[in-house]
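Following: one structure in structure tokens, then a few remarks.
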Amino acid sequence: MTQYPKIYVAGHRGMVGSAIVRHLLAQGQPIDHIVSRTHAELDLTNQASVRTFFEEEKPDQVYLAAAKVGGIYANNTYPAEFIYQNLMIEANIIEAAFREGVKKLLFLGSSCIYPKLAEQPMSEDALLTGALEPTNEPYAISKIVGIKLCESYNRQFGQRFGVDYRSVMPTNLYGPGDNYHPENSHVIPALIRRFHEAKVRKSPFVTIWGTGIPKREFLYVDDMAAACVHIMNLDKAIFDQHTQPMLSHINVGCGEEISIGQVAELIRKTIGYQGEITFDTSKPDGTPRKLMNSSRLNALGWQAQVGLETGLEAAYKDFLINHVSIN
Ligand SMILES: NC(=O)c1ccc[n+]([C@@H]2O[C@H](COP(=O)([O-])OP(=O)(O)OC[C@H]3O[C@@H](n4cnc5c(N)ncnc54)[C@H](OP(=O)(O)O)[C@@H]3O)[C@@H](O)[C@H]2O)c1
């Protein structure tokens, strides 16, 4: 075997998967030791195709960053697709990886696994302590299943076969490769698009839903990728010291929160829009705070590196290069 592992990045064309590939390459991983397939080449909901792929490729490590992802509208409109496709993708990849002797796998979940009314900041042990947010419950349940698949394979096959499957729960991410769809994007890409369009059209103001007071946490996607590689490569003894067999997932956030109003102001400055920001307070605000407790990750030796202003500049550059023609 060569000195480099053969790494399969599932979802390599997505925002997080592509950042993981960038990070691995920057760390010196040879491109011919990174395996990938587009959705058109390999439908991960198809068990037989996934098994054949693993039999042929036999990777050493797997980053599971493929998923059906979407905002509130998509989650509400297509709940069956969200739960079915995500369950199938996770179950197919994890079982096929195990069958082909993959020892190391990292599953990406989401902060929506935590109860709607979880204490803030949300710690890993808030999992399964209360009811979930109803709008994305099917998606959240599929992500909880992903964590439990990893833990169950570790518990049953860890000692015998050296299986070591880990999972990370990212906070809100932004950066290159984000989705800027007008109706179906997250806060930062939606605001980047709206401020950019207001600048181009010389609109006097941009209106934001709600009071702007709720606080959120945002992590630059390249930081997320670095955290994924860090967790994947952590020595097992150290990982085990900080986790429990049935509470093994790790929150990934920057630990800082910012109000929607403040983030809008930062985006306005990044884009160079001269108009006003107004708030439509007749519209709902949503949860007042949503912050991850990332102390487990910090204790494992990782901290976010990219500040919001720097990250927003890089995100806007990517938007200008790759997305300005979207209508
Ligand atoms: N973005 C965030 O803010 C955020 C926050 C928390 C957690 N996460 C998690 O991070 C992971 C990656 O998210 P992301 O933002 O990178 O999503 P993304 O940009 O939508 O990427 C997901 C990738 O998975 C692929 N995929 C979906 N279904 C597939 C299938 N049946 N077969 C093969 N490929 C399939 C997609 O390909 P197609 O586009 O061709 O379908 C896409 O390339 C997800 O698990 C998500 O839950 C993301």
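The values are calculated or read from the model by the stated rules, or taken from the named source; none is laboratory data. Bear in mind the structure is a predicted one, so any value in this text is a computation, not a measurement. Here Cβ is always computed from backbone atoms with ideal geometry, including for glycine, and neighbour counts include all displayed protein chains.
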> Can you name the number of the only condition in (1) surrounded by 15 or more Cβ atoms within 10 Å (Cβ to Cβ); (2) of a type in the set (S, T, Y); (3) without any contact (Cβ under 8 Å) to a residue 60 or more places away in the chain that S185 fails?
Replying inline: (3)
> Which of the residues belonging to segment 64-90 are among the polar types (S, T, N, Q) and modelled with pLDDT of 95 or more?
Replying inline: Q85, N86
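Among the residues of segment 77-86, which ones are touching a helix residue (DSSP H, G or I) at 6+ places or on another chain (Cβ under 7 Å) and either more than 24 Å from H186 (Cα to Cα) or more than 11 Å from the ligand (Cβ to nearest atom) (or both)?
From segment 77-86, those touching a helix residue (DSSP H, G or I) at 6+ places or on another chain (Cβ under 7 Å) are 79, 82-83, 86; that's our starting set.
Across segment 77-86, the qualifying residues are P79, I83.
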> Mind checking which pairs have a first residue in segment 34-63 that is at pLDDT below 95 and a second that is away from the ligand (no atom under 14 Å from the Cβ) and of a type outside the set (V, I, T), Cβ under 6 Å, 6 or more apart or different chains?
Replying inline: none
>> Here is a check on your reading of the model: is D280 acidic (D, E) and closer than 30 Å to Y8 by Cβ?
In response: no
>> I need the full set of residues from segment 12-28 which are assigned to a loop (DSSP other than H, G, I, E, B) and over 19 Å from V252 (Cα atoms), in order please.
In response: H12, R13, Q27, G28
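Give segment 92-112 a look and list any residue that's among the β-branched types (V, I, T) and assigned to a loop (DSSP other than H, G, I, E, B), or say none. Spell out the reasoning first.
Restricting attention to segment 92-112, the residues satisfying the condition of being among the β-branched types (V, I, T) are 93-94, 102.
Listed by number, the list holds a single entry, V102.
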>> Looking only at segment 209-251, how many residues end up being at pLDDT 95 or above and part of a strand (DSSP E or B)?
In response: 9
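Determine, yes or no, whether I89 is part of a helix (DSSP H, G or I), within 12 Å of the ligand (Cβ to nearest atom) and among the β-branched types (V, I, T). First the steps, then the outcome.
Details: part of a helix (DSSP H, G or I): yes; within 12 Å of the ligand (Cβ to nearest atom): yes; among the β-branched types (V, I, T): yes.
Spelling it out, I89 is indeed part of a helix (DSSP H, G or I), within 12 Å of the ligand (Cβ to nearest atom) and among the β-branched types (V, I, T).
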>> For segment 264-295, give me each residue that is within 19 Å of M122 (Cβ to Cβ) and of a type in the set (D, E).
In response: D285
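Which count do you get for residues in segment 163-208 that are among the hydroxyl-bearing types (S, T, Y) and in a strand (DSSP E or B)?
Residues meeting the conditions: 4.
Considering only residues of segment 29-73 that are in a loop (DSSP other than H, G, I, E, B) and farther than 30 Å from H181 by Cα, which is nearest to the ligand (Cβ to nearest atom)?
Going through the qualifying residues, I end up with P59.
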>> Quick check on my filter: what residues within segment 1-11 are among the aliphatic types (A, V, I, L, M) and either part of a loop (DSSP other than H, G, I, E, B) or more than 14 Å from the ligand (Cβ to nearest atom) (or both)?
In response: M1, I7
>> When you scan segment 149-162, do you find a residue that is part of a loop (DSSP other than H, G, I, E, B), within 26 Å of G71 (Cα to Cα) and of a type in the set (G, A, S), even just one?
In response: no
>> touching a helix residue (DSSP H, G or I) at 6+ places or on another chain (Cβ under 6 Å) and either within 8 Å of the ligand (Cβ to nearest atom) or closer than 30 Å to N184 by Cα (or both): which single residue out of L106, L24 fits that description?
In response: L106
